[in-house]
1. Give me T242, T141 sorted ascending by neighbouring Cβ count inside 10 Å, so fewest comes first.
2. For the chain, find the longest principal axis of its Cα atoms and tell me its angle to the long axis of helix 179-199, 0 to 90°, nearest 10.
3. Under a crude label model (7 Å from the Cα following the beta-carbon direction), how far is H273 from E224 in nanometres?
4. Kindly express, to the nearest 10 degrees and within the range 0 to 90, the angle between helix 136-151's C-alpha long axis and the longest C-alpha principal axis of the chain.
5. What shape does the chain take by its C-alpha gyration tensor, where a ≥ b ≥ c are the square roots of the eigenvalues and a/c under 1.5 counts as rounded, a/b above b/c as prolate, and the rest as oblate?
6. Give me the angle, in degrees from 0 to 90, between the Cα long axis of helix 243-254 and the longest principal axis of the Cα atoms of the chain, rounded to the nearest 10.
7. For region 182-238, run through the GluC sites (Glu not before Pro) and keep only the ones in DSSP coil with at most 14 other Cβ atoms within 10 Å of their Cβ.
8. Going by the alpha-carbon gyration tensor, a ≥ b ≥ c the square roots of its eigenvalues, is region 145-260 rounded (a/c under 1.5) or, if a/c is not under 1.5, prolate (a/b greater than b/c) versus oblate?
Amino acid sequence: MLSFMKKHSSRDPGEPLAPVVLVTGASRGLGRGIALRMARDGYSVAVNYALNGEAAAETVSQCLASRRSQDQKFASIRGDIGDAEQRRALVANTVGELGRIDALVNNAGIAPKIRADITEAGEESFDELIRTNLKGPYFLTQGVVNYWLKEKPKRLLPGGFKIVFVTSISANTASISRGDYCISKAGLSMAAQLWAVRLAAEGIQVVELRPGIMATDMTSAVKEKYDRLIGEGLVPDGRWGTPEDVGAAAAAVIRGDLPFATGSVIDVDGGFHLRRL
């Protein structure tokens, strides 16, 4: 049982019993896997989504079924993180619905609609991916951090507030048919480093999770290709990654298992990153 749920009688009146984790892009895929793990570990969760309210509601329903305590709360909160006004509303609505924010998981991201060689790829896709995959989480982090620094809510998580950036092996693995995606994730990896340096003195931990080849709807169109490559040894562990794998890594960070690891990159890729002969 989490420490914040042990001594109900000692808490201040009105204080929430469960820390609140805001997970962006939590209506499906990796985000849903992270949200469900947070629910199982005893946290309240803000399930952010941009368009698919039905899928977000399903995530909330599954979180309710997985929760450890009646004190945990869950809410689906709409907001396109690529839009400045919607980012501000996302922070305000999360605090309004659930009372506070204790951890931010920057998971939301999109793939290019069309894979195109970088000699032919257009600027529209580039702009869209930079807006959602890089600019959005960078400035959403700014909004959440400024809420913490200004409002100074009581720290309920072991070690204080947490920020997790979910990037990709594409942050350092070149894919010439998805240059826009690779650049957006490489930039996000640097964003994680910048925020880690800035926030260390504030007692706020920042960690990057770098998933590999993950079984989600985003990769369903290339399943046959990666089934073959994984079968040929591309991934040493010999399987696809899952949303549960990423959820487990996020959980380790948020519950304070890695207290001296701010700025770290945690590869969740089955060994894909290992150099081999």
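1. T242, T141
2. Here the helix axis deviates by roughly 30 degrees.
3. Result: 3.2 nm between the two label points.
4. The angle comes out near 20 degrees.
5. Prolate is the answer for the chain, as a/c is 1.5 or above and a/b outweighs b/c.
6. 50
7. Qualifying residues, ordered by number: E232.
8. prolate
Just so you know, all these numbers are worked out from the coordinates, no wet-lab data involved. Bear in mind the structure is a predicted one, so any value in this text is a computation, not a measurement. Cβ: placed from backbone, ideal geometry, glycine included. Neighbour counts: every protein chain shown.
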